[in-house]
Amino acid sequence: MKFADRIRRLLGMETIQETDWDDLADLLVEGDLGAAFAESIVTELKAYCIRTGIHDGEGARKGMKPLLAAYARSTVIEPDPAVLNVILLLGVNGVGKTTTAAKLASFWSNGRGSPGAILAAGDTFRAAAIEQLKHHGQRLGLRVVAQERGSDPGAVLFDAIDAARSDGSRLVIADTAGRMHNKQNLMKELEKMDKIVSSKADSSQYRKLLVIDATTGQNALRQAEAFSEAVKIDGLILTKYDSSARGGIAIAIAREFGIPTAFVCDGERYEDIHLFDTDSYLDEFLGLA
Ligand SMILES: Nc1nc2c(ncn2[C@@H]2O[C@H](COP(=O)(O)OP(=O)(O)O)[C@@H](O)[C@H]2O)c(=O)[nH]1
Ligand SMILES: [Mg+2]
């Protein structure tokens with residue numbers, strides 16, 4: 001059952017019972033807020049309901065929205081047509097980086113008058129990832145800059161930025177490998193890539209987006225922590241929101257690391273990507289929509 005349906009069932013029209021508060025805390029934990037955050041929201045909400053004389057579940061759900069909104073953060077990532085824009089997609093294996101690279105390219109080229117994006121096959125670790133990106137490039141009619149499997153991802157990014165400069169393309173969207181078995185290695189690799197792009201993409205707009213699988217649960221917090229220790233993350237992209245029964249992870253990450261969310265993806269088609277909007281996100285989460 002979807003999280004929204006569960007919270008709607010717990011906090012319906014009827015008068016709230018004392019035990020409902022504990023059940024609400026449990027439910028919020030299952031909704032990926034994390035235990036401490038869930039407890040503090042319930043405490044705040046209880047106080048709010050007493051203060052304002054709210055006794056019904058629906059009123060409580062509405063009251064919870066501003067409490068959560070105080071922690072939620074969003075950001076708008078929009079390529080600047082006057083400069084070269086470099087978007088680096090980061091995240092562990094399987095979260096949807098390669099798919100999201102294609103979605104973003106499609107999102108930003110459709111009817112927005114911008115010249116075609118260049119896709120950079122920065123995941124040089126898996127041959128399949130390079131093929132996957134080439135396939136998307138073909139379908140979308142976009143140039144893909146790639147090297148062989150095993151080559152230096154920094155060199156691929158370097159080439160892609162050069163290609164964009166000579167093509168007059170204003171947008172490079174770079175896929176990366178998602179190994180996280182060794183945090184030290186990941187950090188080193190990321191820092192190196194970041195340095196190359198920073199120096200190469202001089203006077204351009206350069207953004208690092210962390211892709212998070214919404215079905216991952218609390219482990220996503222550890223991913224956000226590891227990646228943001230290595231490089232500055234400008235925003236999150238939440239994927240697989242279509243198959244997630246919960247979805248509170250974006251607020252939990254915002255609260256703990258101050259990272260805002262930029263996009264939400266809810267399917268495998270190119271058009272299944274949307275700008276993150278705190279208001280509608282919370283309405284959906286709390287079953288208010
Ligand atoms: N249902 C659903 N599947 C997704 C979404 N985004 C990616 N996927 C799927 O997740 C799997 C892994 O995606 P991929 O882009 O290869 O992940 P990567 O390893 O991070 O590059 C693929 O089967 C994608 O089709 C999404 O928003 N919803
Ligand atoms: Mg990939």
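The values are calculated or read from the model by the stated rules, or taken from the named source; none is laboratory data. These figures come from a predicted structure and were not determined experimentally. Counting neighbours? That spans all protein chains shown, and the Cβs are built from the backbone with ideal geometry, glycine included. Ligands, DNA and RNA are excluded from the accessible area calculation, which covers all protein heavy atoms including side chains. Shrake-Rupley method; radii C 1.70, N 1.55, O 1.52, S 1.80 Å.
Couple of notes before you dig in:
- The stretch 133-144 residues that are assigned to a helix (DSSP H, G or I), paired with ones that are more than 13 Å from ligand 1 (Cβ to nearest atom) and open to solvent by 90 Å² or more (accessible area, probe 1.4 Å) (beta carbon under 9 Å, 6 or more apart): Gly137/Arg143
- Hits in the stretch 157-193 (condition: among the β-branched types (Val, Ile, Thr) and within 15 Å of ligand 1 (Cβ to nearest atom)): Ile173, Thr176
- Residue within the stretch 227-249 that is within 14 Å of the chain's Cα centre (by Cα), assigned to a helix (DSSP H, G or I) and within 18 Å of Val29 (Cα to Cα) present: yes
- Count of residues meeting criterion [within 16 Å of ligand 2 (Cβ to nearest atom) and either more than 30 Å from Glu191 (Cα to Cα) or among the polar types (S, T, N, Q) (or both)] in the stretch 233-267: 1
- Qualifying positions in the stretch 104-133 - away from ligand 2 (no atom under 12 Å from the Cβ), modelled with pLDDT of 90 or more and open to solvent by 10 Å² or more (accessible area, probe 1.4 Å): Ser106, Phe107
- Residue check, Ile16 surrounded by 15 or more Cβ atoms within 10 Å (Cβ to Cβ), of a type in the set (A, V, I, L, M, F, W, C) and in contact with a Phe, Trp or Tyr (Cβ under 8 Å, 6 or more places away or on another chain): no
- Residue match in the stretch 66-87 (condition: within 12 Å of ligand 2 (Cβ to nearest atom), at negative phi and open to solvent by less than 70 Å² (accessible area, probe 1.4 Å)): no
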